[in-house]
């Protein structure tokens with residue numbers, strides 16, 4: 001068994017022969033010796049199920065519990081992996097073994113090489129989706145509305161090119177940062193194809209997708225029942241409009257698949273090695289929300305909406321998409337990084353949209369049932385998420 005305290009002593013001894021033993025008396029909250037610099041950073045090789053693990057420990061406390069690291073990883077009980085070993089920060093970089101390798105390697109520029117680069121790359125990737133459809137657009141295309149077939153086809157080509165580029169580069173970046181053992185493992189961790197995921201089980205992947213759709217259906221139980229009660233008579237026409245037209249395919253098929261690939265598969269793969277699971281769920285959705293702020297500029301400059309209205313609309317869009325990103329990240333991570341879970345959720349949300357209260361006017365008797373379903377569905381969804 002290798003504990004954090006033993007790990008800290010081992011690192012200090014290797015890095016500074018004059019450092020005191022970790023068993024010596026120390027003042028709580030401070031490094032146990034002046035020889036233990038808080039600026040030192042070392043890599044520790046640990047793996048789980050033959051998968052590379054890479055995680056920073058960077059809390060400011062030096063009081064650590066003595067527990068078995070290998071048991072900790074086997075239980076997958078990692079929620080906020082930030083601990084300091086007597087002032088020295090440790091990194092898990094991963095090896096092909098289920099045992100702990102005590103060959104520690106000093107890093108010369110640890111913070112830059114392990115934190116800054118992935119965060120910068122992540123920010124660039126998050127902005128690339130908008131950049132692909134907004135930068136260097138030919139003048140004939142800029143004069144057309146976003147629903148014009150010419151604009152849709154132009155943007156589809158741009159986004160497909162972006163996705164292909166990320167598919168070729170992100171797995172390689174993951175291997176470079178020790179987020180994955182090899183390219184094949186990195187692609188599996190992105191969860192692009194059911195069965196070719198970290199689970200190695202197509203049945204488990206399909207079950208996760210079905211559960212994700214069932215959960216989002218509970219959240220939207222009000223709008224679904226309202227549609228059945230009021231508009232289901234024209235369901236054939238609705239299917240055609242939503243899945244057989246260019247705008248429908250863009251909104252309900254192409255956008256969910258490509259956005260989830262960029263903001264879930266690519267972004268989480270890039271940021272995963274340097275962020276805890278909790279931080280990952282919260283941070284990358286902020287980038288997803290920021291990527292939708294450009295709609296406010298469109299409303300103000302192109303549709304000539306008053307500045308206040310454009311800002312309010314953009315703010316609402318940011319909050320709504322950020323919350324959606326948190327939900328999608330939760331589905332993605334909890335399913336073992338199965339990308340089709342957030343894709344199904346995203347497509348369903350785009351299809352059903354934000355809850356409408358027009359039933360109060362069109363079907364007043366059903367309105368109270370509708371509101372009840374909204375409340376019950378939201379509470380139930382929150383509890384089972």
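The values are calculated or read from the model by the stated rules, or taken from the named source; none is laboratory data. If you're wondering where the values come from, they're calculated on a predicted model, not measured in any experiment. Ideal geometry is used to build each Cβ from the backbone, glycine not excepted, and the neighbour counts take in all protein chains shown.
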Residue in region 289-298 that is closer than 28 Å to residue 118 by Cβ, under 16 Å from the mean Cα position of the chain (by Cα) and in a helix (DSSP H, G or I) present: yes
Scope region 209-231; condition assigned to a loop (DSSP other than H, G, I, E, B) and either under 19 Å from the mean Cα position of the chain (by Cα) or crowded, with 19+ Cβ neighbours inside 10 Å (or both); matching residues: 220
Any pair with Cβ under 7 angstrom, 6 or more apart, that starts in region 129-154 at a residue that is farther than 21 Å from residue 259 by Cβ and ends at one that is modelled with pLDDT of 95 or more and loosely packed, with under 14 Cβ neighbours inside 10 Å: 144/150
Set 289, 315, 272: member being closer than 24 Å to residue 357 by Cα and in the same structural domain as residue 172 (by TED's automatic domain parsing): 315
For residue 185: the one exception among (1) touching a strand residue (DSSP E or B) at 6+ places or on another chain (Cβ under 8 Å); (2) modelled with pLDDT of 95 or more: (2)
Residue 283 vs. criteria assigned to a helix (DSSP H, G or I) and touching a helix residue (DSSP H, G or I) at 6+ places or on another chain (Cβ under 6 Å): no
Residues being farther than 9 Å from residue 222 by Cβ and either in contact with a strand residue (DSSP E or B) (Cβ under 6 Å, 6 or more places away or on another chain) or free of Cβ contacts under 8 Å to residues at least 60 places away in the same chain (or both) - total across region 360-376: 6
Residue ID - nearest to the chain's Cα centre (by Cα), chosen from residues in region 187-208 that are crowded, with 20+ Cβ neighbours inside 10 Å and not in a loop (DSSP other than H, G, I, E, B): 190
Test: residue in region 265-276 that is under 22 Å from residue 146 (Cβ atoms), crowded, with 19+ Cβ neighbours inside 10 Å, touching a helix residue (DSSP H, G or I) at 6+ places or on another chain (Cβ under 8 Å) and at pLDDT 95 or above: no
Where residue 366 falls short, out of the listed (1) in a helix (DSSP H, G or I); (2) surrounded by 19 or more Cβ atoms within 10 Å (Cβ to Cβ): (2)
Conditions (1) at pLDDT 90 or above; (2) more than 20 Å from residue 205 (Cβ to Cβ): number failed by residue 308: (1)
